Amino acid sequence: MINRKQFLALFFSLIITIFLRPTLFASTTSENSFIPPPVFSSENHPCSDCHEDMEPNTQRRQLEENHSDIVIQGHGEPERWCLDCHDATDRNKLILLNGEKVEFLASYKLCQQCHGAIFKAWEPGIHGKRVGRWDGPKKIYLCVS
Amino acid sequence: MKQLTRRSFLKASSAGLGGTVLGGCSEGFDWATYFQDRFEEMSPEEVQKTLKRLEKYYSNKYKTKITVKGTPSKENTVFGYALDLSRCVGCRRCVYACVDENNISRDVQIHYIRVLKMKDGDMNLEESDHYYNPDKVPEDDSYYMPVQCQQCDNPPCVKVCPVKATWKDPDGVVVVDYNRCIGCRDCMASCPYRARKFNWREPEIPEDKLNTETHYLGNRPRYRGVVEKCHFCLQRTREGRYPACVEICPAGARKFGNLLDPESEIRLVLENFRTFRLKEELNTQPKFFYFFSLG
C-alpha cells in the first residue's frame, strides 16, 4: 500500500501533468505553416473603419476622391473594377465569382479563379516564395505579399 | 671567458628548445589541431572534443561566443536543389545573403554563387557574363543563370583531393574539412562549374556581421590557404531550415528539399517540369536542377 506522502506526490504530479498538457499542445500546434497577412488586412487596417457609414455605390465608375492612385493596368483593366473582387456590403471580405465571401488572408482563392495553373503550382510550393523549414512549418507568401 | 662545457651547452639548448615550444603554444599553436584526425574518421567523442576546442579557439579569436556544431546527416535525406530560370531576375541578393550567412571573406571578395547573364535564347556558357552591372535588372535581352556548387553525385573534386579533405556526406552534400585541406587547389582545377574558392588571405569578416551559429563542415570561419565552397548551408539545412539563398530570393525562384521524400517541393518540380543539369555530358550527376516554369 502507498502511504499518505506517496499518494500526495502522485496526486500533485497528476495535477501538474493535466495543467501542463494544454500548453505543450499549444506549443506544437502554433508551429504550423502560416500565411503572413497582407499589408492592409482586415485585422490591422479594416476597410470597414471608413466604409461602415458609407452607402455602397455599385455603379462602375472612375474613383475620384479616394483610392484614385490604385491602377489595375495590365490586369484586365477595362473589364475589372473594385467590386469584382471586393464585397460591396462587407468591406472586410473579398467576394468570389460564386458569391462566396473570403478573408483577405485567403486572397489566393480569388486569384485561383483565373490563374488555376499557377495556383496548382503555388499550393505545393513550386510557384512563389516560402521561408522556414524544408521539413516542416513554413511561412507561405501570398500572391499579393 | 668561461669555457663552454658539454653539460652547460646541453642545458642551455634544451631550455631554449623548451621555451620555443612553450612560447609557440601560448601564441596559439595547438598540437591537438596539428595531429587531428580526419573528421570523417573521428569517433563521436573525438568529434565533441574537436568541436569544443574549435569553439574556444574561435571565441578567443573573434572575441564573442561562437558555437560550432557537428550535426551529422539526417536519415533518409538527400538534398536537392532546383532553380527556376524564368523567375530569376539577376538581382544577386542570393550572392550577398550567402556571404552574410556563411562568414565568407569580404575584403578579398569570395562568392559561392556566380550569377551568369545569358543572352535570350542562348545556352552558351562561354559567352555568359558574371560581371554585369546595369542600372536595372532584369535587362530586356537577357536571362540570368546563378551557378554555385552543383553537389555532384559523382564529384570530380572528391576524386582528385590528395589528402581526402573533401568528401560526399550521406545527405549528398560535398563538404570540405578546412582543418584537413592543404590548399593544393586540385579540386578547383577539376571542378567544371568553378564552384570552389580559395582563401588567398585570412578571411575578412566585419565583427558585427559574424554569424556565430556555425557548423564544422559548413560556415565556421576559414583559415588562410584553404578551399571552400557552397555546402547548401549545412548549419541551417541539417536543422531543417531552408538555405539562406532560398529564403532571400525575392522571386521565389529557388526550391530546396529532400529528394527521397515524394511529397517534397523538389520532387514535385522534377515530376512536373522539364529540368536540366549543367554540363550533364561530364557525368558529374549534379543534384542541382534548372528549369523554366514559363514556356
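The values are calculated or read from the model by the stated rules, or taken from the named source; none is laboratory data. Here the structure is a predicted model, which is why all the values come from computation and not from measurement. With ideal geometry, Cβ positions are generated from the backbone for all residues, glycine too; neighbour counts draw on all protein chains shown. All accessible areas refer to the heavy atoms of the entire protein, side chains included, with ligands and DNA or RNA removed. Shrake-Rupley method; radii C 1.70, N 1.55, O 1.52, S 1.80 Å.
If you go through region A:67-94 and keep only what is closer than 22 Å to residue A:122 by Cα and outside any loop (DSSP other than H, G, I, E, B), you end up with just A:94.
Taking region B:129-145 as the range and being open to solvent by less than 50 Å² (accessible area, probe 1.4 Å) and over 30 Å from residue B:205 (Cα atoms) as the test, the residues that pass are B:139, B:142, B:143. Condition first: touching a residue at least 60 places away in the same chain (Cβ under 8 Å) and either under 15 Å from the mean Cα position of the chain (by Cα) or in a helix (DSSP H, G or I) (or both). Now tell me which residues in region B:186-199 satisfy that. Once the filter is applied, which keeps residues that are touching a residue at least 60 places away in the same chain (Cβ under 8 Å) and either under 15 Å from the mean Cα position of the chain (by Cα) or in a helix (DSSP H, G or I) (or both), region B:186-199 yields B:193, B:194, B:195, B:197, B:199. Among residues belonging to region B:42-86 that are acidic (Asp, Glu) and more than 20 Å from the chain's Cα centre (by Cα), point out the one that is surrounded by the most Cβ atoms within 10 Å (Cβ to Cβ). Per the criteria, the residue is B:84.
Does region B:236-245 contain any residue that is out of contact with any helix residue (DSSP H, G or I) (no Cβ under 8 Å at 6 or more places or on another chain), farther than 30 Å from residue B:61 by Cα, within 12 Å of chain A (Cβ to nearest Cβ) and open to solvent by 30 Å² or more (accessible area, probe 1.4 Å)? No, region B:236-245 contains no residue that is out of contact with any helix residue (DSSP H, G or I) (no Cβ under 8 Å at 6 or more places or on another chain), farther than 30 Å from residue B:61 by Cα, within 12 Å of chain A (Cβ to nearest Cβ) and open to solvent by 30 Å² or more (accessible area, probe 1.4 Å).
A Cβ distance below 8 Å, combined with a sequence gap of six or more or placement on separate chains, defines the contacts here; from region B:83-95, residues that are on the phi < 0 side of the Ramachandran plot reach residues that are surrounded by fewer than 18 Cβ atoms within 10 Å (Cβ to Cβ) and of a type in the set (Val, Ile, Thr) in the pairs B:89/B:137; B:91/B:137. Being assigned to a helix (DSSP H, G or I), more than 14 Å from chain B (Cβ to nearest Cβ) and of a type outside the set (S, T, N, Q) is the requirement here; does residue A:97 meet it? It is false that residue A:97 is assigned to a helix (DSSP H, G or I), more than 14 Å from chain B (Cβ to nearest Cβ) and of a type outside the set (S, T, N, Q).
Per the listing A:120, A:109, the residue uniquely open to solvent by 70 Å² or more (accessible area, probe 1.4 Å), outside any loop (DSSP other than H, G, I, E, B) and away from chain B (no Cβ under 14 Å) is A:109. Suppose we filter A:85, A:143, A:114 for residues that are in contact (Cβ under 8 Å) with a residue 12 or more places away in the chain and away from chain B (no Cβ under 14 Å); which single one remains? The match here is A:85. The condition (being touching a residue at least 24 places away in the same chain (Cβ under 8 Å), over 15 Å from the mean Cα position of the chain (by Cα) and either within 14 Å of chain A (Cβ to nearest Cβ) or at positive phi (or both)) is satisfied by just one residue among B:183, B:172, B:252: B:252.
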